[in-house]
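Engineer: Okay, handing you the structure first.
The values are calculated or read from the model by the stated rules, or taken from the named source; none is laboratory data. Everything numeric in this text was worked out from a predicted model, so none of it was measured. Here Cβ is always computed from backbone atoms with ideal geometry, including for glycine, and neighbour counts include all displayed protein chains. Heads up: the accessible areas ignore ligands, DNA and RNA and are worked out on the full protein's heavy atoms, side chains in. Shrake-Rupley method; radii C 1.70, N 1.55, O 1.52, S 1.80 Å.
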Amino acid sequence: MAVFKDHMPKPSATIYFDETNPSVDKINNFILTHKFPLITELTPDNQAELFSLPTRALIVLAAFKTSSKKELEADLKYFTKVSRAWLKGGRPFSQPVHFVWTDAAKQKKWLKHTYGYVAKGR
């Protein structure tokens, strides 16, 4: 099995099975580890799942406060660049790392309550 993320030409992860009947646990763990895209938008629909994955994934959270679609696209482009660089040569961890972003204005209350984070202007 191989995982390709964000149109990268080489797989970001692979797993090989030598057995004729590979372990279902191995397959499920591989899928859970790599099921999210290179960068994922944090939404009310995926928030609980992202923060309670059985793989104990580390979350790199970026909260963007943007005033225009163009600014958001620039922020996402930079965040993608950072996540790609980490994927290619970042410090290895025993658990997966997910790069997640959210709209600081939409998630204002949650960010303040959970992390004490208050977005400042640009």
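Engineer: Hey, how much of the P(r) for the chain falls beyond 22 Å, as a percent of Cα pairs?
Structural biologist: 43
Engineer: Leaving out ligands, DNA and RNA but keeping every protein chain, what accessible area does ILE39 have, in Å² rounded to the nearest 10, with a 1.4 Å probe?
Structural biologist: 40
Engineer: Hey, can you find the accessible area per residue of segment 42-120 for me, probe 1.4 Å, expressed in square angstrom?
Structural biologist: I get 70 Å² per residue for segment 42-120.
Engineer: Just check segment 55-119 against the gyration tensor rule for me: Cα atoms, a ≥ b ≥ c as the square roots of the eigenvalues, rounded for a/c under 1.5, and otherwise prolate or oblate depending on whether a/b exceeds b/c.
Structural biologist: Here segment 55-119 falls in the oblate category.
Engineer: Taking a ≥ b ≥ c as the square roots of the Cα gyration tensor eigenvalues, with a/c under 1.5 meaning rounded and otherwise prolate when a/b beats b/c, else oblate, which class fits segment 1-58? Each step should come with its number before you reach the end.
Structural biologist: Values: a/c = 3.26, a/b = 1.39, b/c = 2.34.
In terms of gyration-tensor shape, oblate.
Engineer: Follow-up question, since we're still on this one. Mean Kyte-Doolittle of at least -1.0 and a Cα length of 20 Å or more along the axis: which whole DSSP H helices of the chain meet both?
Structural biologist: Details: long enough: 69-89 (30 Å, -0.79).
Correct list, ordered by number: 69-89.
Engineer: From the cross-link list LYS26/LYS120; LYS26/LYS109; LYS26/LYS108; LYS26/LYS65; LYS5/LYS69; LYS65/LYS88, which pairs have alpha carbons spaced over 32 Å apart? Walk me through the numbers before you get to the answer.
Structural biologist: Values: LYS26/LYS120 43 Å; LYS26/LYS109 38 Å; LYS26/LYS108 38 Å; LYS26/LYS65 39 Å; LYS5/LYS69 23 Å; LYS65/LYS88 28 Å.
Cα-Cα > 32 Å for LYS26/LYS120; LYS26/LYS109; LYS26/LYS108; LYS26/LYS65; rest within.
Engineer: Report the antiparallel proportion of the DSSP beta bridges in the chain as a percent, rounded to a multiple of 5. All intermediate terms of the calculation are to be shown ahead of the outcome.
Structural biologist: Values: 2 of 12 bridges.
If we restrict to bridges inside the chain, about 15 percent are antiparallel.
Engineer: First compute the accessible area of the chain with a 1.4 Å probe, then give the percent of it belonging to carbon and sulfur atoms.
Structural biologist: Carbon-and-sulfur percentage of accessible area, whole number: 55.
Engineer: Quick one: check the C-alpha center-to-center distance for segment 74-101 versus segment 1-64, whole angstrom.
Structural biologist: 13
Engineer: Still on this structure, I have one more. In terms of the Cα gyration tensor, with a ≥ b ≥ c the square roots of its eigenvalues, is segment 30-72 rounded because a/c is under 1.5, prolate because a/b exceeds b/c, or oblate?
Structural biologist: prolate
Engineer: Counting other Cβ atoms within 10 Å, keep those with at most 13, restrict to DSSP loop, and tell me which GluC sites (Glu not before Pro) in segment 1-108 are left.
Structural biologist: In loop regions of segment 1-108 (DSSP not H, G, I, E or B), the sparsely surrounded GluC sites (Glu not before Pro) are GLU19.
Engineer: What value, in deg cm²/dmol to 500, does the helix sum -39500 (n - 2.57) over DSSP H runs of n ≥ 4 give at 222 nm once divided by the residues of the chain?
Structural biologist: Computed ellipticity for the chain at 222 nm equals -11000 deg cm²/dmol.
Engineer: Compute, for LEU58, the solvent-accessible surface of its heavy atoms (probe 1.4 Å) with the complete set of protein chains present, and express it in square angstrom to the nearest 10.
Structural biologist: Ignoring ligands and nucleic acids, LEU58 comes out at about 60 Å².
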